[in-house]
Every structure is written in C-alpha cells, then in structure tokens.
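Reading through the structure tokens given below for one structure.
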Amino acid sequence: MKNVLVTGGAGYIGSHTCVELLNSGYNVISIDNYSNSVPESINRVNKITGKKIISFNCDVRDKDRLFEIFSKYDIYCVIHFAALKAVGESVKDPLSYYDNNIFGIINLLEVMKKFNVKKMIFSSSATVYGDNKVPYLEDMNTGNVTNPYGRTKYFSEQILSDLYYSDKDWRILLLRYFNPIGAHESGMIGEDPNGIPNNIMPFISRVAIGRLPKLTIFGNDYDTPDGTCIRDYIHVVDLALGHVKAIGKIDDSKSGVLDCFNLGTGKGNSVLELVNTFERVNNCKVNYEIGNRRSGDVASCYANVEKAKRDLGWETKYDLERMCKDTWRFQLNNPNGYKN
Ligand code: NAD
Ligand code: UFG
C-alpha cells in the first residue's frame, strides 16, 4: 500500500482528504502541529473509515522530526496542507505567515529531496489570481495578490516551479482551491475554526445555532445581480476527492510534471444566495445585517474548471443545498465544535 504523507491532516480540508485517501486504499501519515485543529478530528477520521491514520504532532518547520518520519516510512507522495490561512491576521503579523508558510514548505521540500521523495501536491488558492476577469483560468496572470497570506501561496507556487525546472524528475501539482464549505455526510468532521470565524460558512452556522448574534454581510453595493459578492463554493468532500484524482494523475505521468488546476464548481453564488439557501434547506434563521465592504474582497471569483475535468477526470457532485445541509448537520451534532 502506498504511504501518503499529509501535512495539516487534522485541519478542515486535510481531515476530509484523509477520509477519501483511506477509502481509496492509501496509507495515511498525518503531521500536524495542531495550531488550528485538534487531534480529535484524526480520531473521527479513523471512526468514519474504520482504518487508522498514523499521526504525529509535528511542525513542518522541525527538520529533525521530519527526518525521523521520512527515515521510518517509505513515503510515496506528500500532500501539503499545513499553513496559516487567515487573511486579516496575515496583514497584522506578516512575519509569522512567511515563517510558517514559506519556511515550512522550504523545510519540507529539503527533507523530501534528501529522501528522494519527489511527488508533491500543494494547496494553493484562487487568491493567486488577484482581481482578474472571471471565470479564472489556470494560465491567467497570477501574483497580483493583495495580502501576505496570498503572497505566501504565490511564492510557494514560484518555489515549486523553480524546483521543478532545476530537476524535472519532480512531479508537482498545484491545486488552486476556490471556497470550500460543507462537511462530511456523517456529521462527524467539519470546519471548526478557533475563535471568531473569518470565513462565511462557519460564521453562518454559528449564528444559526446561537453561538454568534449576527452575521454582517460585507457590502451590498457590488456590481453583481443582488449587490453582494459572488464566490465559487465547493463541497469539501468534492475538493478532497480532487486530491485523490491528483495522485492518480501523478501515478499516470511517465516522467516529471509541473501543472496547476482550479478546483471549484465553475458556478458563482452570491452571499445572499448562500444565506437564503442555508435558511431554506435547514429551516432555520440566520440573523444578518448589511455592513461595509471588507477591504481586499473582489466582487466576483469563480473558476473555469474545464482543465481539471479534462486532465484529472474530476468534477464536483454536490450542489449548494447539499453543502448547506452537511454544514448544519456537523454544527447540530457538534454545537461547540470538536470541544464537546
Ligand atoms: P486548517 O487551518 O483547518 O488546516 C491547516 C492545518 O495545518 C491545521 O490543522 C493546522 O494545525 C496545521 N498547521 C498549520 N501550520 C502548521 C505547521 N507549521 N506544521 C504543522 N501543521 C501546521 O485550514 P484548511 O482550510 O484545511 O486549509 C488547508 C490548506 O488549504 C491551507 O494551506 C490553506 O491555505 C489552503 N486553502 C484553504 C482555503 C479555505 O478557504 N479553507 C482556500 C484556499 C486554500
Ligand atoms: N463574508 C461576509 N461576512 C463574513 C464573512 C465573509 O459577508 O462574516 C463574505 C465576504 O465578503 C466574501 C464571501 O463572504 O464575499 C466569502 O468570504 P470568505 O472569507 O468565506 O472567503 P474569501 O472568498 O474571502 O476567501 C476564501 C479563503 C481564502 C482563499 C479564497 C479563494 O479564505 O483563503 O477563498 O477564493 F484564498
């Protein structure tokens, strides 16, 4: 069985990807420093799948520990999720973002190189497109990013492409995620951010359950049909399955490869549509008010997903209603998140 090393395996997207990897017959080794997650999510992945992740409390910046892990296991491929991801925090504390996200990936790649593990799937983001014309296409200009978090994604993509051009044995896939929401259908794993959520969906579900008083919708004066921003919301399980397809693509390539793929649905929904859908399918109330625009937000962001369809044989299955229902099931089963 192939060993896939997942960094950030206890996190939101990481834990859902671990489920799909285990279900597809891979062995999973997770390393996570639990800076934005808890080991309980790993226990739950084990329960969902009836299999066992080998998990380490380890920081990707800790080279000695990475050496130990790479010495012990024959790693086939690495999926690198571990990163800090709060845009606002990255503006206030850029150095910790560059330290965690940039030093982290360099450290990891150095150890991979040392152990001749040259297969890497990287969590990138639609944020690298900046404010381009929608729908975003993989060959559009990137790098016009407005915050330090986004720049860590852009720089990581550059580091990975420089590495590939220095040694074309590397097989590197950059996956640019759009807006992951939703949860596993079991209601056992989902998104459980520390503190007040930055992203919209955990905010909505915490308002609906009464943990937060009110959602502020950031602006209704955008040039969109209802004035609120448009995003490409993708079910986290569809996103997770995209990673399994990406490993398949790496398996199939006869030689080295560097490529990037948008992982989205290709459809945009407005913030108001998301709130209204959540209320309707879950028969609940989401108190909200309209506030000012949030700095750095673009009016519309959605993907062209033809390349992922064609080259990965991947497309999304779940619609916005399903995303809202699955989020609510996780919230109801875990009113206080993983801290129950
Ligand atoms: P998350 O915070 O839930 O997961 C990240 C995990 O990495 C956490 O478990 C955290 O504890 C761990 N981690 C962070 N720094 C670490 C370090 N130095 N060493 C070891 N572990 C570390 O976030 P997520 O939403 O699952 O995001 C996963 C990846 O996808 C991130 O790279 C993120 O930037 C990227 N991404 C996320 C979104 C989104 O909207 N969620 C969109 C685009 C890209
Ligand atoms: N929004 C609100 N109120 C909130 C939170 C968000 O109205 O309390 C709105 C935002 O203005 C935006 C939409 O909801 O229009 C989505 O916002 P999120 O913060 O959930 O997501 P973003 O689109 O800003 O960014 C997310 C990730 C980034 C990633 C990007 C890729 O946080 O890491 O998707 O598209 F880069």
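The values are calculated or read from the model by the stated rules, or taken from the named source; none is laboratory data. These figures come from a predicted structure and were not determined experimentally. Cβ coordinates were reconstructed from backbone atoms using ideal geometry, including for glycine residues, and neighbour counts include every protein chain displayed. Ligands, DNA and RNA are excluded from the accessible area calculation, which covers all protein heavy atoms including side chains. Shrake-Rupley method; radii C 1.70, N 1.55, O 1.52, S 1.80 Å.
Which condition number in (1) within 11 Å of ligand 1 (Cβ to nearest atom); (2) in a strand (DSSP E or B) is the one that Ser15 fails? Unmet condition: (2). In the range 121-153, the qualifying residues are those that are within 12 Å of ligand 1 (Cβ to nearest atom) and within 21 Å of Asp223 (Cα to Cα), and the one that is surrounded by the most Cβ atoms within 10 Å (Cβ to Cβ) is Tyr129. Sub-7 Å Cβ pairs linking a first residue in the range 29-48 that is under 12 Å from Pro193 (Cα atoms) to a second residue that is in a helix (DSSP H, G or I), at least 6 apart or interchain, are Val38/Tyr338, ordered by first then second residue.
Entry remark, the range 1-12: residues being surrounded by fewer than 21 Cβ atoms within 10 Å (Cβ to Cβ) and in contact (Cβ under 8 Å) with a residue 40 or more places away in the chain number 2 in total. From the list Ala126, Ala82, Ala86, the one residue that fits, being within 16 Å of ligand 2 (Cβ to nearest atom), in contact with a Ser or Thr (Cβ under 7 Å, 6 or more places away or on another chain) and not β-branched (Val, Ile, Thr), is Ala82. Listed by first and then second residue, the pairs linking a residue in the range 154-178 that is without any contact (Cβ under 8 Å) to a residue 40 or more places away in the chain and within 16 Å of ligand 1 (Cβ to nearest atom) to a residue that is part of a helix (DSSP H, G or I) and open to solvent by less than 10 Å² (accessible area, probe 1.4 Å), with Cβ atoms under 9 Å apart and 6 or more places separating them unless they lie on different chains, are Tyr154/Val128. In the range 117-137, the residues that are over 20 Å from Gly266 (Cα atoms) form Cβ pairs under 6 Å with partners that are within 14 Å of ligand 2 (Cβ to nearest atom), at six or more places apart or across chains, as follows: Phe122/Leu174.
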